[in-house]
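The values are calculated or read from the model by the stated rules, or taken from the named source; none is laboratory data. The model shown is predicted, which means the values in this text are computed figures rather than measured ones. Ideal geometry is used to build each Cβ from the backbone, glycine not excepted, and the neighbour counts take in all protein chains shown. What goes into the accessible areas is simple: the full protein's heavy atoms, side chains included, and nothing from ligands, DNA or RNA. Shrake-Rupley method; radii C 1.70, N 1.55, O 1.52, S 1.80 Å.
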Amino acid sequence: MKAGKQTTLRERAVVAGIGVHSGLPVTLVFHPADANTGVVFLRTGADGGRDREIAAHARSVIATEFATVLGDATGPICSTIEHVMATLCGLGVDNALVEIDGPEAPIMDGSAADFVTAIDQVGIVQVGAPRRFTKVLKPVRVAKGDAYGEFLPYAHGFRVEAEIAFDHPQIGRQKLAVEVEPDTFRREIARARTFGFMKDVAKLWGAGYALGASLENTLVVTDDRVLNPEGLRFADEFVRHKALDAIGDLALAGAPLIGTYRSVRGGHNLNYAVLSALMADRSAWTVVEAETAPRRIVRGHADVATGLVAPAYGPEMS
């Protein structure tokens, strides 16, 4: 979806479940939104009964230890938003108000499949404004020990390359490269579930995490096998889920990306670090706008490879 108008949902879509870390019940509602709204989270029934609103943007991230958390100076507003953001990005939804009545998004079955189903049932429509994209202009890389993530220019859309390596017979080294398009996202990425190791459960519980985790929403790995009776959905489901998380974390760029993201042994913390490094280097990216009408003279330069036009005075993003 590299050209055309911005999109939103045809009507509202509702999902309900529990938070994987809090264990609390939560209902999430996707609402249609006007052009140029972007994705905004609305937390209802927060402390003091106040409603709190926050833009889904890298500048709103306050934590990335076990999930991506959005908040402000007063504290966290909503957490574990990566599968929601991945779904909106993967399906090409530009504008949505995401209403949530608990501290974190529902984990559902551990993947983005239920979010995809909910949005597909109501449909996606265009709104009257051209799509804007964040286009990567030069390499940006962040390394942390033996892990690294990097953005690279790529003229043909958004591409994610992920690699993981675990000293475990069920996982080992896995690699995946995928073009982030709606059909590919539905087929190859959305159903990949979050995973965890049984040896880490006590530590996580003690720290107040994974209180809602179960075999119904998490791939649980012991020393030599996967505990879930249904087994894996993909032979390389682990790296596919890492790609899902990366898509969701990088959707916080503020506009769909045009570029390649490569992650080796990465996670939420690294994804956020690389996105922050990209946003901080104003020479590393630009905003480009999709053509929605017959070719006309525009102040700026045309990108022949993508059919996109970069305005001479594009909007500032941070």
Between a first residue in segment 101-117 that is free of Cβ contacts under 8 Å to residues at least 24 places away in the same chain and open to solvent by 10 Å² or more (accessible area, probe 1.4 Å) and a second residue that is assigned to a helix (DSSP H, G or I) and of a type outside the set (A, V, I, L, M), which pairs have beta carbons less than 9 Å apart while being 6 or more apart in sequence or on different chains?
none
Could you list, in sequence order, the residues of segment 35-47 that are under 19 Å from the mean Cα position of the chain (by Cα) and either more than 23 Å from Phe158 (Cβ to Cβ) or at pLDDT below 95 (or both)?
Leu42, Arg43
Criterion violated by Val220 - all others in (1) at pLDDT below 95; (2) more than 18 Å from Asp109 (Cα to Cα) satisfied
(2)
Where the second residue is acidic (Asp, Glu) and assigned to a helix (DSSP H, G or I) and the first is at pLDDT 95 or above and lies in segment 182-206, which pairs have Cβ atoms under 6 Å and are six or more apart or on separate chains?
Ala192/Glu237
Can you confirm whether Asp120 is within 26 Å of Arg159 (Cβ to Cβ), of a type in the set (D, E, K, R) and surrounded by fewer than 23 Cβ atoms within 10 Å (Cβ to Cβ)?
yes
By residue number, the members of segment 221-234 that are within 20 Å of Asp114 (Cα to Cα) and in contact with a helix residue (DSSP H, G or I) (Cβ under 9 Å, 6 or more places away or on another chain) are Leu232, Arg233, Phe234
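Conditions tested, residue by residue: (1) of a type in the set (D, E, K, R); (2) open to solvent by 20 Å² or more (accessible area, probe 1.4 Å); (3) modelled with pLDDT of 95 or more.
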{"position": "Gly208", "(1), (2), (3)": "no, yes, no"}
{"position": "Ala235", "(1), (2), (3)": "no, yes, yes"}
{"position": "Arg240", "(1), (2), (3)": "yes, yes, yes"}
{"position": "Ala243", "(1), (2), (3)": "no, no, yes"}
{"position": "Leu257", "(1), (2), (3)": "no, no, yes"}
{"position": "Tyr261", "(1), (2), (3)": "no, no, yes"}
{"position": "Asn269", "(1), (2), (3)": "no, yes, yes"}
{"position": "Arg282", "(1), (2), (3)": "yes, yes, yes"}
{"position": "Asp303", "(1), (2), (3)": "yes, yes, no"}
Of (1) out of contact with any helix residue (DSSP H, G or I) (no Cβ under 9 Å at 6 or more places or on another chain); (2) within 20 Å of Leu252 (Cβ to Cβ), Ala67 fails just (1)
Residue selected from segment 77-130 under the condition under 23 Å from Ala243 (Cβ atoms) and among the polar types (S, T, N, Q), by the criterion farthest from the chain's Cα centre (by Cα):
Thr117
Members of segment 1-28 found to be crowded, with 18+ Cβ neighbours inside 10 Å and in a strand (DSSP E or B), listed by number:
Gln6, Thr7, Thr8, Leu9, Ala13, Val15, Gly17, Ile18, Val26, Leu28
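Restricting to segment 181-201, name every residue that is touching a Ser or Thr at 6+ places or on another chain (Cβ under 7 Å) and part of a helix (DSSP H, G or I).
Met198
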Selected residue [assigned to a strand (DSSP E or B), closer than 25 Å to Pro106 by Cα and touching a residue at least 24 places away in the same chain (Cβ under 8 Å)] from Val178, Val142, Val160
Val160
Residues that are aliphatic (A, V, I, L, M), buried (at least 20 other Cβ atoms within 10 Å of the Cβ) and under 19 Å from the mean Cα position of the chain (by Cα): does segment 153-163 have at least one?
yes
Are any residues in segment 214-233 open to solvent by 20 Å² or more (accessible area, probe 1.4 Å), in a loop (DSSP other than H, G, I, E, B) and in contact with a Leu (Cβ under 8 Å, 6 or more places away or on another chain), and if so, which ones?
Leu215, Leu227, Pro229, Leu232
Residues within segment 195-206 that are open to solvent by less than 80 Å² (accessible area, probe 1.4 Å) and in contact with a strand residue (DSSP E or B) (Cβ under 7 Å, 6 or more places away or on another chain), tallied:
3
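Let's see how each residue does on (1) modelled with pLDDT of 95 or more; (2) not basic (Lys, Arg):
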{"position": "Arg10", "(1), (2)": "yes, no"}
{"position": "Val20", "(1), (2)": "no, yes"}
{"position": "Ala33", "(1), (2)": "yes, yes"}
{"position": "Gly49", "(1), (2)": "no, yes"}
{"position": "Thr64", "(1), (2)": "no, yes"}
{"position": "Leu70", "(1), (2)": "yes, yes"}
{"position": "Ala73", "(1), (2)": "no, yes"}
{"position": "Ile81", "(1), (2)": "yes, yes"}
